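Below is one structure, written out as structure tokens; comments come after it.
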Amino acid sequence: MGAHRLRLALLGWAAAGLLLGLALLRLSPDLAGNVFALATLPVLAVLLRDIVQGLLRGEAGLDLLAALSMAGALALGEELAAAVVALMFAGGSFLEDHARNRARREMAALLARQPRRATRHGPAGLQNVPLAALRPGDRVLVRQGEVVPVDGRSLGPAVLDTAALTGEAIPIALAAGEAIQSGATNAGEAFELEAERSAGDSTLAGIIRLVEQAQASRAPMARLADRWALGFLAATLLIAGTAWLAAADPRRALAVLVVATPCPLILAVPVALIAGLSRAAGAGVLVKSGAALEMLARVRVLLLDKTGTLTEGRVRLLETRPEGSMTPGEVLRLAASLDQASAHPVAAGLVDAARAAGLPLSMPEEVREEAGSGIAGRIEGRAVALGGAGFVAAHGWADAGAAEDGQAPGALRVCVAVDGAPAGLLVLADPLREDAAAMLAAARAAGIRRIVLLSGDRASVAEAVGARLGVDAVLAERSPAEKVAAVLREKPQGPVLMLGDGVNDAPALAAADIGVAMGARGTAASAEAADAVVLVDRIDRLAEAMRIARRARGIALQSVAAGIGLSVLGMMAAAAGWLTPLQGAVLQEAIDVAVILNALRALRG
């Protein structure tokens, strides 16, 4: 029998026994007492088993108080109080289990979304193959309503519903060549994609692994609650013993025990933190553990990488300036046709821009590329060269350097020469994300006191971005080791959050109090080193996750404080003789239910 079914069976048994005993109480008090005892014993037996198993694992907690309460009540002839405590314990255990299951619902939905098979183009046409058979380079057909099985790039226009991954209610339209994450649902017509990763390395598979890690973890706050629980156990036994000695009545001690059983400490913290993990996942940020969620609630310093984090991480064409009789479209078409032979990020930006404009590209011939300088070749029989001023000057545009005068920080000028004559200038840049400024403002509102731009890029570029966003400091031209040193220097200011996306960010992510990786286009190394992953290509979700974490932690502390405070007041009243064991048991059950319901508020916005 599963743990959930066992809790349900114990709850049903205790409730049925209590109701039957109450019905028999006036007819035969002795028979009613026996029924109350029978209702208590199975719950007590399971509880004693759990206590023994916990002690063997080196764990001890307030379940011992519940066992003492039930055993003491039976020994003192307070069978009705014992049955109420049994019902209280069984009901609290079931309610806690139900709360955990509800809090995991959004995460569990991700597990159910993983497809088992995919439709792949093969030598014999379309084939339905197991997901594990997909490899990078495969062409995969995604029909309407199907879940995207692997990460890749669309080979045509696509409309995707990403609500399950990101919480975004409105489907997004993608053009041919754009990146697509696994786990999204095809909300439009069937489309094809070219796989870029195997299924096991794709976004959805990584999310599932992180979900499993998060569900298996325990936060420091939860472990701290266990230590508090041991102190509360000792205080409870001391108060109960003192009441017994002062009144010479063991029922006073029993009343104290039942009021303190079980304590909200063992219920509120895990329920609130699991609810926070669930809410953050729904907002598009997968936090790997309860410990990371608690740290996310406490951060005071934010360090950010620039490229791919504050910027889009890919070069975009901003402007085409033709020379002579060339048209802007022709300059771009010839340049992009040649750049099809290059693996440089700038080349990818030009090719994407030409395809987005619907320009027909030709195959390049006689290609010669000088890394970091430029590329030359023939397109449709014409000699084409593009790159920096020095490279293009050697191919016929003698004064190409004049075209680059006044270059703004972060902008890149690509000179284009055709048949030895000036053809035009292409202006490109890695633009800031649209949500970057809003995210930083929201982070400050969420409690961040210091924001530092930490980049490996040139100082002029990083400082221009930092000035535009209003960060507190800019650290540019930093190597991975220097990024780690910067993280360590900031720690005296408070808990540090590092946000990055590249391989060079992985050491800094690991060194920070909490590292957060941009998982939509980030590298596997950064996601592995991080404590949390932003599943969508939007950094504003991080500020939302910070608010969720702070709220979940606040609710957990609030529930603990309120529950312990009410329990202590009840214990004092019981020690003074103002509460009977039965009244104390009923009071504590009400406290436990209130605490769990309060902790569940962390599920709501």
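The values are calculated or read from the model by the stated rules, or taken from the named source; none is laboratory data. Just so we're clear, the structure is a prediction, and the values are computed from it rather than from any experiment. Methodologically, a virtual Cβ is constructed for each residue, glycine included, from the backbone with ideal geometry; neighbour enumeration extends over all protein chains shown. With ligands, DNA and RNA removed, areas are computed over all heavy atoms of the protein, side chains included. Shrake-Rupley method; radii C 1.70, N 1.55, O 1.52, S 1.80 Å.
Side notes on the structure shown:
- Put a dot 7 Å past the Cα of Thr242, heading toward its Cβ, do the same for Arg355, and the two dots end up 7.6 nm apart.
- Mean projected area (nm²) of the alpha-carbon convex hull when segment 433-519 is viewed from all directions: 5.4
- Protein accessible area in segment 228-355, 1.4 Å probe - carbon and sulfur %: 59
- Paramagnetic reach from Glu196 in segment 306-346 [backbone N under 16 Å; point 7 Å along Cα→Cβ]: 308-309, 312-316, 343-346
- For Glu146, the residues 5 or more places off, or on other chains, whose built amide H falls under 5 Å of its own are Asn186.
- The Arg117 and Ser362 beta-carbon pair, evaluated with R₀ = 51 Å, returns a calculated FRET efficiency of approximately 0.85.
- Efficiency of FRET between Leu597 and Ala421 - r from beta-carbon atoms, R0 60 angstrom, step 0.05: 0.20
- Per-residue Karplus couplings for segment 271-281, computed as 6.51 cos²θ - 1.76 cosθ + 1.60 with θ equal to phi - 60°, are listed in order as 5, 5, 6, 5, 4, x, 4, 5, 5, 5, 4 Hz, Gly and Pro entered as x.
- Our summary gives segment 237-377 a relative contact order of 12 percent, counting only alpha carbon pairs under 8 angstrom and 6 or more residues apart.
- Rolling a 1.4 Å probe over the heavy atoms of the protein chains gives segment 293-385 an accessible area of 45 Å² per residue.
- 5 angstrom amide H check on Thr311, placed H, neighbours 5+ away: Arg433
- Our estimate of slack between Arg314 and Ala411, defined as 0.36 nm per intervening residue step minus the Cα-Cα distance, is 33.7 nm.
- Placing a label point 7 Å from the Cα of Leu557 along the Cα-to-Cβ direction, the residues of segment 441-459 whose backbone N falls under 19 Å of that point are 444-450.
- Neighbour net charge for Val418 - beta-carbon separation under 13 angstrom, K R +1, D E -1: -1
- Largest-first ordering by accessible area, 1.4 Å probe, given options Trp578, Trp244: Trp578, Trp244
- Sorting Met70, Met295 on solvent-accessible area from highest to lowest, probe radius 1.4 Å, gives Met295, Met70.
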